[in-house]
Amino acid sequence: MEASVILPILKKKLAFLSGGKDRRSGLILTIPLCLEQTNMDELSVTLDYLLSIPSEKCKARGFTVIVDGRKSQWNVVKTVVLMLQNVVPAEVSLVCVVKPDEFWDKKVTHFCFWKEKDRLGFEVILVSANKLTRYIEPCQLTEDFGGSLTYDHMDWLNKRLVFEKFTKESTSLLDELALINNGSDKGNQQEKERSVDLNFLPSVDPETVLQTGHELLSELQQRRFNGSDGGVSWSPMDDELLAQPQVMKLLDSLREQYTRYQEVCRQRSKRTQLEEIQQKVMQVVNWLEGPGSEQLRAQWGIGDSIRASQALQQKHEEIESQHSEWFAVYVELNQQIAALLNAGDEEDLVELKSLQQQLSDVCYRQASQLEFRQNLLQAALEFHGVAQDLSQQLDGLLGMLCVDVAPADGASIQQTLKLLEEKLKSVDVGLQGLREKGQGLLDQISNQASWAYGKDVTIENKENVDHIQGVMEDMQLRKQRCEDMVDVRRLKMLQMVQLFKCEEDAAQAVEWLSELLDALLKTHIRLGDDAQETKVLLEKHRKFVDVAQSTYDYGRQLLQATVVLCQSLRCTSRSSGDTLPRLNRVWKQFTIASEERVHRLEMAIAFHSNAEKILQDCPEEPEAINDEEQFDEIEAVGKSLLDRLTVPVVYPDGTEQYFGSPSDMASTAEHIRDRMKLVSLKRQQLRHPEMVTAES
């Protein structure tokens, strides 16, 4: 009988074994009667269950039954006592009926249990609760009878349910595990040839049953060792002490069978895993050598442009994506095989290593093909990118060469020429880069052996090689044509630079000549204080004129060069209609002013020379000094020179220009007048010597 079957009856606590013992070490069975009518059938079932728990040795010591009738009627008590005769006659040694204090006195006289001892088979005594300790120690009585023994019926019932459940499950599990383990030992070879069936699993989880057993054993042992401790709830009962070895024995058997079962599962799982690995390996190998290789065989071109190469790359990425899924399976399988190899089962090592080697060879070969194809397409994309950039550079250079050069000045021509040279250099660099990329691509294609895609790729390679070489040759021809055009344009632009330089230098010569003219008119105004100084000024002026003559000649030569360059360039020189007339006009003005300056200096030299002869005291030549004509000539030259200082320089176009400022001319004229006064005074001295003596 199991507690779970009669659980509702057991919960009523119609009877219980508290764990207490009498002085003979017999168990105490307590039957607490209540005010309500007790169901004798349920009580009988309860007693049958309780009496089935103790061991035979414990039963041999007999039971002391405490019938608590304090809350019940006499006839119920009597019925219960008589029922004990039928239920447990041999095991009951003493029945203690706990009576109310004064309620049963008269009725007891009508029925004395002690007189029926022989017929009942056990002794029955009526005792009040406070005198029960005469027969049973207080520590073996529950608190209901004034004792110190604590009893929790629901706790006992729960533990009993756990024990019975564990016993039932563990026993059933032991049978199943023994059947599984024994069947595995007998049919080990047959199990290798078939997969694991679902019925192979036990009906309950061994781990759960073991955990339940350990928890139950721990609880039983704790109550046993702490039974004498005053802090625990209640002392262990014999049924609990009896349950401990049962639980331990079941746990030992379970661990033994479960260990064998785990090994059986491990072996079968390993065989199943090996079969699954074999199947997956063949799936990977068959796909890579079948559809995967077919995809690569269909892809051999490199494209003829960036867009075509990018399209091929996108297609290749799709192929790689499909391969990646199988490579992920390969990685997982390789890890599983490595784990099985580490397990060290010699019987499977050869097969596992063979599978691993086969799988690795196929995957690495396919991965190498994918990588080679990816590198080839990347090199082709870079080659077409460089070719496109170079083509654009050549188009830009050709566009510059096709546009006629019409710069505004030499600096812009120099800038354009520099830009042209930079573009040509960039084209050279681009062409060199194209050759390097092309050669690298050709090297990769030449290394593309027939094993790469499983077929002869000579025809496809020839098309790719012809395309690459054709692109490089075309770029070389275009670059050569541009270089020829650049040479012609460079020569033309250098001539234009020279033309502009000549025009600029010619204009500069005009400016220089104008500055010399301006300096002549504004600073070359002194006529000297004496003949010697005037001669020096005349010599400097002639050198000054030589410089102006050289400047004029330089400008003429430059203008002649511009005419020659314009004829070579077939263009019209702006200098021929502007700079040359300006140069001639300024030179004419300079010539007129220079001649005027020479006349004035020559007159000044004549004036100062004659004046100095007169003014010097020379008694050796009195006849020369007394010559009136000389005085007249000096006076005439002086007046003529003074008059010339007031006359402006008149240019061919009618414009007039004076030497220096009016103050400068006045200063020069004043000096000449002073000299003329000295000459006049000398003349008077010679005419009237007595006037000089008188004055002295």
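Observations
- Residues satisfying the stated conditions in segment 8-27, i.e. outside any loop (DSSP other than H, G, I, E, B), at pLDDT 85 or above, surrounded by fewer than 24 Cβ atoms within 10 Å (Cβ to Cβ) and in contact with a Leu (Cβ under 8 Å, 6 or more places away or on another chain): LYS11, PHE16, LEU17, LYS21
- Every pair of residues 6+ apart whose Cβ atoms lie under 8 Å, when the first sits in segment 149-160 and is assigned to a loop (DSSP other than H, G, I, E, B) while the second is open to solvent by less than 50 Å² (accessible area, probe 1.4 Å) and not aromatic (Phe, Trp, Tyr): THR150/THR142; TYR151/SER18; TYR151/GLY19; TYR151/THR142
- Per the listing GLU332, GLU317, the residue uniquely closer than 30 Å to VAL465 by Cβ and either open to solvent by 50 Å² or more (accessible area, probe 1.4 Å) or part of a helix (DSSP H, G or I) (or both) is GLU317.
- For beta carbons closer than 6 Å, sequence separation of 6+ or different chains, a first residue in segment 55-75 that is hydroxyl-bearing (Ser, Thr, Tyr) and at pLDDT 85 or above and a second that is buried (at least 17 other Cβ atoms within 10 Å of the Cβ) and not in a helix (DSSP H, G or I), the qualifying pairs are THR64/ASP22; THR64/GLY26; THR64/ILE28; THR64/LEU94.
- Qualifying positions in segment 530-548 - open to solvent by 70 Å² or more (accessible area, probe 1.4 Å) and farther than 28 Å from ARG673 by Cα: LYS543, ASP546, VAL547
- Yes/no for THR591 being hydroxyl-bearing (Ser, Thr, Tyr), modelled with pLDDT of 85 or more and either surrounded by 14 or more Cβ atoms within 10 Å (Cβ to Cβ) or under 30 Å from LEU681 (Cα atoms) (or both): yes
- Number of residues in segment 167-215 that are modelled with pLDDT of 75 or more and either open to solvent by less than 50 Å² (accessible area, probe 1.4 Å) or over 56 Å from the mean Cα position of the chain (by Cα) (or both) equals 23.
- Hey, GLN657 modelled with pLDDT under 85 and either within 60 Å of the chain's Cα centre (by Cα) or surrounded by 17 or more Cβ atoms within 10 Å (Cβ to Cβ) (or both) or not: yes
- Filter result for ASP456 (surrounded by fewer than 13 Cβ atoms within 10 Å (Cβ to Cβ), modelled with pLDDT under 80 and more than 30 Å from ALA548 (Cβ to Cβ)): yes
- Test for ALA308: is it of a type in the set (A, V, I, L, M), part of a helix (DSSP H, G or I) and within 30 Å of ASP466 (Cβ to Cβ): yes
- In summary, VAL510 fulfils each of the numbered conditions (1) in contact with a helix residue (DSSP H, G or I) (Cβ under 8 Å, 6 or more places away or on another chain); (2) open to solvent by 50 Å² or more (accessible area, probe 1.4 Å); (3) not basic (Lys, Arg) with the single exception of condition (2).
- Residue within segment 633-644 that is at pLDDT below 85, farther than 18 Å from ILE614 by Cα, open to solvent by less than 80 Å² (accessible area, probe 1.4 Å) and not in a helix (DSSP H, G or I) present: no
- Answer from GLU629, GLU602 - the residue that is of a type in the set (D, E, K, R), open to solvent by 30 Å² or more (accessible area, probe 1.4 Å) and modelled with pLDDT of 85 or more: GLU602
- Filter result (of a type in the set (S, T, N, Q), open to solvent by less than 40 Å² (accessible area, probe 1.4 Å) and not in a strand (DSSP E or B)) within segment 56-92: SER72
- LEU527 open to solvent by less than 20 Å² (accessible area, probe 1.4 Å) and not in a helix (DSSP H, G or I): yes
- Extreme residue, farthest from PHE163 (Cα to Cα), among residues of segment 28-48 that are at pLDDT 85 or above and open to solvent by less than 20 Å² (accessible area, probe 1.4 Å): LEU33
- Residue in segment 355-371 that is touching a residue at least 60 places away in the same chain (Cβ under 8 Å), open to solvent by less than 50 Å² (accessible area, probe 1.4 Å) and under 28 Å from the mean Cα position of the chain (by Cα) present: yes
- Residue tally, condition over 18 Å from GLU633 (Cβ atoms) and either open to solvent by 60 Å² or more (accessible area, probe 1.4 Å) or in a strand (DSSP E or B) (or both), over segment 660-682: 5
- Picking from residues in segment 290-319 that are of a type in the set (Asp, Glu) and more than 31 Å from the chain's Cα centre (by Cα), the one that is nearest to LEU434 (Cα to Cα) is ASP304.
The values are calculated or read from the model by the stated rules, or taken from the named source; none is laboratory data. Since the model is a prediction, treat every value here as computed from it, not as a measurement. Neighbour counts are summed over all protein chains in view; Cβ atoms, including those assigned to glycine, are modelled from backbone coordinates with ideal geometry. Each accessible area value is taken on the protein alone, full model and side chains, heavy atoms only, with ligands, DNA and RNA left out. Shrake-Rupley method; radii C 1.70, N 1.55, O 1.52, S 1.80 Å.
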